[in-house]
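Worksheet: the structure to be examined is printed underneath.
Any read-out appearing in this document is the output of simple, stated calculations on the displayed coordinates, not a laboratory observation. Since the model is a prediction, treat every value here as computed from it, not as a measurement. With ideal geometry, Cβ positions are generated from the backbone for all residues, glycine too; neighbour counts draw on all protein chains shown.
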Amino acid sequence: MDKHLAVIQIEENVRQENNQVACEVRDIFKKHEIYAVNLISSPGSGKTTLLVETLKSLKGLIPCAVIEGDQQTSNDAQRIAETGVPVVQVNTLQSCHLNALQIKKSLEYLPVDKIRLLLIENVGNLVCPASMDLGENEKIVLMSVTEGEDKPSKYPLAFLNSQLLILTKVDLLPYLRFDKELCEINARKINSNLEIIETCSYTREGISAWIDYLLLKAGSNSL
């Protein structure tokens, strides 16, 4: 029993330390008028593909930067770099999520005086990233239509802590037994205020609505 309690205390200490650093990161964002978005999803939801299309669409509209989180490789960061947007790759190795200290250190390599929108692509995982504060302005959860209508019910915290759900790969709906309406019902049972945008990065369905959402949020942040 004592050993068990000691493990719980360690976890609490780690969370408290992270939250302290997250407050410091939040102050940096506020000082530089940066709107920071934390994108979370399961692996394979299409986060990076959507991010690339997002950055192309935002070019010339608002200065952006990206922090890429992966356990291994810099493949996604290389794809982002091809858009011309500043990007920092964070390899978490065995860890299944980014933490606030990694975000704080990453900001040292970004032109924070010029950024107005920071897009953080978290490690593919709907569990740990949902509860880890990075100092961001908001969390956004993504899920593809290939994942099943019960995903919100299985991973409620990710949907509860997010302000927006992006449904990806909607071009596949005609070929799947995916009940989109049921998925939205399940998501709003968890979070009644959750906004939902349906997207396809290849056909660009929903991309304009997503861009408008980001510009509204980032613009409001600088007022």
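Before anything else, pin down the relative contact order of the range 15-147: Cα pairs under 8 Å, at least 6 apart, normalised by residue count, whole percent. Mind dumping the intermediate values first?
Details: 249 pairs, mean separation 58.3, N = 133.
The normalised contact order for the range 15-147 reaches 44 percent.
Computed over the Cα atoms of the range 117-223, what is the ratio Rg over Rh, Rh following Kirkwood? Provide the component values of the computation, followed by the final result.
Details: Rg = 13.9 Å, Rh = 14.5 Å.
Radius of gyration relative to Kirkwood radius: 0.96.
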Next item on the list: At a Cα cut-off below 20 Å, give the aspartates and glutamates reachable from Lys105, other chains included and same-chain residues fewer than 8 away excluded.
Entry: Glu17, Glu24, Asp27, Glu33, Glu68, Asp70, Asp76, Asp113, Glu121, Asp133, Glu136, Glu138
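Relative to the present Cα-Cα distance, how much length would full extension add between Ser95 and Arg15 at 0.36 nm per residue of separation? Display every interim value, and only then the final one.
On the way: separation 80, 0.36 × 80 = 28.80 nm, distance 1.42 nm.
Residue separation times 0.36 nm, minus the Cα-Cα distance, leaves 27.4 nm.
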Next item on the list: State, to one decimal in nm, how far the label point of Gln72 lies from the label point of Lys31, with both points 7 Å from Cα in the Cβ direction.
Entry: 3.8 nm
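Could you sort out which of Lys56/Lys139; Lys114/Lys189; Lys180/Lys217 sit more than 30 Å apart by Cα distance in this structure?
On the way: Lys56/Lys139 21 Å; Lys114/Lys189 39 Å; Lys180/Lys217 26 Å.
In this structure, Lys114/Lys189 exceed 30 Å between Cα atoms.
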Checklist line | Nearby aspartates and glutamates by direct alpha-carbon distance to Lys169 (threshold 16 angstrom, same-chain neighbours under 8 apart not counted) | finding: Glu53, Glu147, Glu149, Asp179, Glu181, Glu184, Glu198, Glu205
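Over the chain, what relative contact order in percent results from Cα pairs under 8 Å that are six or more residues apart?
Working: 398 pairs, mean separation 53.6, N = 223.
So the answer I get is 24 percent.
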Next item on the list: Given the peptides 120-126, 46-52, 202-208, 152-158, arrange them by the average over their residues of other C-beta atoms within 10 Å, most packed first.
Entry: 120-126, 46-52, 152-158, 202-208
Check: How many angstrom lie between the C-alpha centres of the range 10-57 and the range 59-84?
Finding: 13 Å
Note to self: For Arg177, project a label point 7 Å along Cα to C-beta. Then give me every residue of the range 130-157 with its amide nitrogen under 18 Å of that point.
What the structure shows: 145-151
Check: Over the Cα atoms of the chain, what is the Rg over Rh ratio if Rh follows Kirkwood?
Finding: 0.97
Notebook entry, point to check: So what is the calculated 222 nm ellipticity per residue for the chain, using -39500 (n - 2.57) for each DSSP H run with n of 4 or more, over all residues, to the nearest 500 deg cm²/dmol?
Noted result: -12500 deg cm²/dmol
